[in-house]
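Novice: Submitted below is the structure of interest, expressed as structure tokens.
The values are calculated or read from the model by the stated rules, or taken from the named source; none is laboratory data. What you are looking at is a predicted structure, and each value in this text was computed from that prediction instead of being measured. For neighbour counting, all protein chains shown are included, and Cβ atoms are generated from backbone atoms with ideal geometry for every residue, glycine included.
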Amino acid sequence: MNQRKTQPFQDIGDDARRQYIDARAAFEALEAAQAQAATVRGGMYWKTVNGSEYLIRTSAGNAQKSLGPRSAETEAMQRSFAARKAEAEARLKALKTTVQRHQRLNRALYVGRVPAVVVDILNMLHDQGVAQHFTVVGTHAVYAYEAAAGVRVESAAVATRDVDLLWDTRKRFKLATQLKRLDSSMLALLRKVDKSFALVQGQLYTAVNSQGFEVDILRREQQEQDPHPAHLSETEEDFWVVQARNAEQLVSAQRFSAIVVAASGQMARMHTVHPLAFVKFKRWLGQQPDRDPLKVERDHLQADTVARLVEEYLPQLLQPTA
């Protein structure tokens, strides 16, 4: 291939870099606060049964469990829980306010450029408890790498109107359980982001919204225990996940995550694959004889760009990956 003449990276500037570092720290603190608050969801109350009082622990779904009759020990448990819950809720509220302020600063300083719909989808997956089942692969992963590096890659390397989500079939039972708990389908969850999302006829692994933005859900090629065909939920109108060639390489790859920022300033955590695994896969993909020639050029561009990004800005990641 000819040596590219363009400069592949644009420095975001000191002000934007400092703002990203501060915003990322606030977002990560919010994540920790959310995890802590989750441990004290629900409540505790005293219930009288046959003249005796029992301490009852309730879950967020209103499931109830007795912790024993009233005693010095259970009274201490109730006081401790109430104090921890109040502290967790206060911290969560304060950090939400802090993150909102940082999001306004992100927008003012042009910190991010990830499509807003992608950030909204990532946050929805987290909020619904299914983020661990999906990995962002393909072009949008580059946003995570450039965020970690504090630069922007050339626009041609991130130009796309679809996001690829790789479903880990090894965790399919956990996803099914969570969707049942939510009484939802994957498509219904996606419609929480944008009501216009609909499955593409004849291509039921893809949903597209009214703006033409697509979400593709992929899986590794079938292995012994994998269902085939693979339907994401028991709901009739839901994704039928497509097999992607050599996707096992991505499923088993080392993971990488970064806080990404939309042009609006909104933030989300993107889970993707290690950048060197991305490079390896893109180079393999670009060598396939039946690959669309227009996509081959982008495959090579993305592989070369991310490889150079790691070498110049993320040298700590220069070690063998799975």
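Novice: Only strands (runs of 3 or more DSSP E) wholly contained in the stretch 227-278 count here; list those with 2 or more residues that are in contact with a helix residue (DSSP H, G or I) (Cβ under 7 Å, 6 or more places away or on another chain).
Specialist: 255-261, 267-273
Novice: Filtering the stretch 280-322 down to residues that are more than 20 Å from Asn246 (Cα to Cα) and not in a helix (DSSP H, G or I), which residue is modelled with the highest pLDDT?
Specialist: Result: Leu314.
Novice: Further question: Could you list, in sequence order, all residues of the stretch 119-159 that are among the aliphatic types (A, V, I, L, M), in a helix (DSSP H, G or I) and within 19 Å of Leu309 (Cβ to Cβ)?
Specialist: Ala141, Val142, Ala144, Ala147, Ala148, Ala149, Ala156, Ala157
Novice: Let me ask another. Identify, please: which residue in the stretch 32-54 is touching a Lys or Arg at 6+ places or on another chain (Cβ under 7 Å) and in contact (Cβ under 8 Å) with a residue 40 or more places away in the chain and is, among those, surrounded by the most Cβ atoms within 10 Å (Cβ to Cβ)?
Specialist: Per the criteria, the residue is Ala33.
Novice: Would the stretch 213-225 turn up any residue that is modelled with pLDDT of 95 or more, buried (at least 16 other Cβ atoms within 10 Å of the Cβ), outside the structural domain of Gln100 (by TED's automatic domain parsing) and more than 19 Å from the chain's Cα centre (by Cα)?
Specialist: no
Novice: If you check Ile21 against the conditions, is it out of contact with any helix residue (DSSP H, G or I) (no Cβ under 9 Å at 6 or more places or on another chain) and either closer than 30 Å to Asp304 by Cβ or at pLDDT below 95 (or both)?
Specialist: Yes.
Novice: Identify all residues within the stretch 78-105 that are without any contact (Cβ under 8 Å) to a residue 60 or more places away in the chain, of a type outside the set (S, T, N, Q) and either farther than 14 Å from Ala29 by Cβ or surrounded by 16 or more Cβ atoms within 10 Å (Cβ to Cβ) (or both); write none if there are none.
Specialist: Arg79, Phe81, Ala82, Ala83, Arg84, Lys85, Ala86, Glu87, Ala88, Glu89, Arg91
Novice: Filter the stretch 176-195 down to the residues that are farther than 15 Å from Met124 by Cβ and part of a loop (DSSP other than H, G, I, E, B) and list them by number.
Specialist: Asp183
Novice: Next question, about the same structure. Identify all residues within the stretch 121-149 that are at positive phi and buried (at least 17 other Cβ atoms within 10 Å of the Cβ); write none if there are none.
Specialist: Correct list: Gly138 only.
Novice: Do any strands (runs of 3 or more DSSP E) lying entirely in the stretch 6-118 carry at least 1 residues that are under 30 Å from Leu182 (Cα atoms), and which ones are they?
Specialist: In the stretch 6-118, 43-49, 52-58, 64-69 are the strands (runs of 3 or more DSSP E) which contain 1 or more residues that are under 30 Å from Leu182 (Cα atoms).
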